[in-house]
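Visitor: The structure's right below; bear with me while I get my questions together.
The values are calculated or read from the model by the stated rules, or taken from the named source; none is laboratory data. Small disclaimer: the values here were computed from a predicted structure and weren't measured. As a convention, Cβ positions derive from the backbone with ideal geometry for all residues, glycine included, and neighbour counts pool all protein chains shown.
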Amino acid sequence: MTTAIQTRALTKRYGAHTALHDLDLSVEPGTVFGLIGANGAGKTTTLRLLLDIIRPTSGEVRVLGIPPRQGGAALRRRIGYVPGELRLATRGTGRALLSHLAQISGPVRPGAVERLADRVGLDLDRRVRTLSKGNKQKLALVQAFMHQPSLLILDEPTSGLDPLVQREFLTMLREARDAGQTVLLSSHVLSEIQQVADRVAVLAAGRVVASGAVADLRLATTRRIAATLSRITADRLHALLSAVDGVADVSVTAAGAAGDTVRASLTVRGEIDPVVRALMAGTLHDLTVEEPDLEESVLDLYARAGDAS
């Protein structure tokens, strides 16, 4: 089966500034692929290159097996796109705008627009220019999904949406994946990526600093550990934990009414077995290991990318 998106050494320069460095990206059909990065990381540049809105300085790109420059309008009809900077200046209603766009994007099943509008809570008969930012974003989602495209390219798609609509949007993404559609999702809302993405690429300063399954990124970063112990002094436990490689932020305090137990908390990067061995110097009563969320993982990856540069 043809890869939905494939780039090799994709590079984009604006004068002396390089916005994207040798991007290698592979997105398999029927998956949700998350693209994560801070402002200026290169996410929007990447999406615009895929859509032939801008042209690469060098490198190769294929979308649904076709170079975007060669695919033209026929390729664009197979793609649903939500831009990060949404501009809807029409004086007509949402219904009229979507009817016009349906003529461009390709066949839209009868009732599809109304069903999508109902799901996101959009009034199709209001004039577009009177809509709030959130309602314009709903309109953008409807136009992207309405023709059931092979590929959805979504740049910050939930900007301005309330939490209930965000939840419905995530359901729509899962349904699209289950139907065999491919989704490339660029988002600052990292909880969205955690909930729906199959794989992720993290961009920093135009470079991929990490990629893989979401779970792999989480396991690669720091975890928090808390434990309650007895039969060991706070000073001795603090010394033992602080001596373990990868351990930081060690805190050991007296706990319990009689002061006969201690409570330890710390963070560790890497294997936790040496930490557990250190804790076994006392009598262990309680142990919790908290996995970091993806936001912490991304910040950690950024920090490591900065150290390496």
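Visitor: Run D125 past the list (1) on the phi > 0 side of the Ramachandran plot; (2) surrounded by fewer than 15 Cβ atoms within 10 Å (Cβ to Cβ); (3) in a loop (DSSP other than H, G, I, E, B) and report the number of the one that doesn't hold.
Guide: (1)
Visitor: Looking at the range 143-160 only, could you name the residues that are in a loop (DSSP other than H, G, I, E, B) and modelled with pLDDT of 90 or more?
Guide: Correct list: M146, H147, Q148, P149, S150, E156, P157, T158.
Visitor: I want to confirm something. Restricting to the range 174-212 and keeping residues that are small (G, A, S) and touching an Asp or Glu at 6+ places or on another chain (Cβ under 7 Å), which single residue is nearest to T31 (Cα to Cα)? Even if it seems obvious, please write down each step before you answer.
Guide: Just the residues of the range 174-212 that are small (G, A, S), to begin with: 176, 179-180, 186-187, 191, 197, 201, 204-206, 210-212.
In the following step, the residues that additionally are touching an Asp or Glu at 6+ places or on another chain (Cβ under 7 Å) were identified as 186-187.
Numbers: S186: 14, S187: 16 Å.
Of everything passing the filter in the range 174-212, S186 is nearest to T31 (Cα to Cα).
Visitor: Ok, one more. Could you grab me the full set of residues in the range 55-85 that are aliphatic (A, V, I, L, M) and surrounded by fewer than 15 Cβ atoms within 10 Å (Cβ to Cβ)?
Guide: A73, A74
Visitor: Being of a type in the set (S, T, N, Q), farther than 20 Å from Q137 by Cβ, in a loop (DSSP other than H, G, I, E, B) and in contact (Cβ under 8 Å) with a residue 12 or more places away in the chain narrows it down to one of T18, T2, T46, so name that one.
Guide: T2
Visitor: Taking interchain pairs and intrachain pairs at least six residues apart, which have beta carbon atoms under 6 angstrom, with the first residue in the range 222-246 and free of Cβ contacts under 8 Å to residues at least 12 places away in the same chain and the second crowded, with 18+ Cβ neighbours inside 10 Å?
Guide: S242/V250
Visitor: Which one of these does I104 not meet: (1) in contact with a His (Cβ under 8 Å, 6 or more places away or on another chain); (2) more than 25 Å from E168 (Cα to Cα)?
Guide: Checking I104 against (1) in contact with a His (Cβ under 8 Å, 6 or more places away or on another chain); (2) more than 25 Å from E168 (Cα to Cα), the one that fails is (1).
Visitor: Please name all residue pairs, on different chains or six or more residues apart, with Cβ atoms under 6 Å, provided the first residue is in the range 159-182 and is touching a residue at least 24 places away in the same chain (Cβ under 8 Å) and closer than 13 Å to K138 by Cα and the second residue is of a type in the set (K, R) and in a helix (DSSP H, G or I).
Guide: If the second residue must be of a type in the set (K, R) and in a helix (DSSP H, G or I), the pairs left are G160/K133; E168/R119.
Visitor: For the range 231-274, enumerate the residues that are under 30 Å from the mean Cα position of the chain (by Cα), at pLDDT below 90 and among the acidic types (D, E).
Guide: Result: E271, single match.
Every residue, every condition in (1) surrounded by fewer than 15 Cβ atoms within 10 Å (Cβ to Cβ); (2) under 26 Å from L75 (Cβ atoms), yes or no:
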| position | (1), (2) |
| --- | --- |
| L97 | no, yes |
| H100 | yes, yes |
| R109 | yes, yes |
| A112 | no, yes |
| R119 | no, no |
| S132 | yes, no |
| Q137 | no, yes |
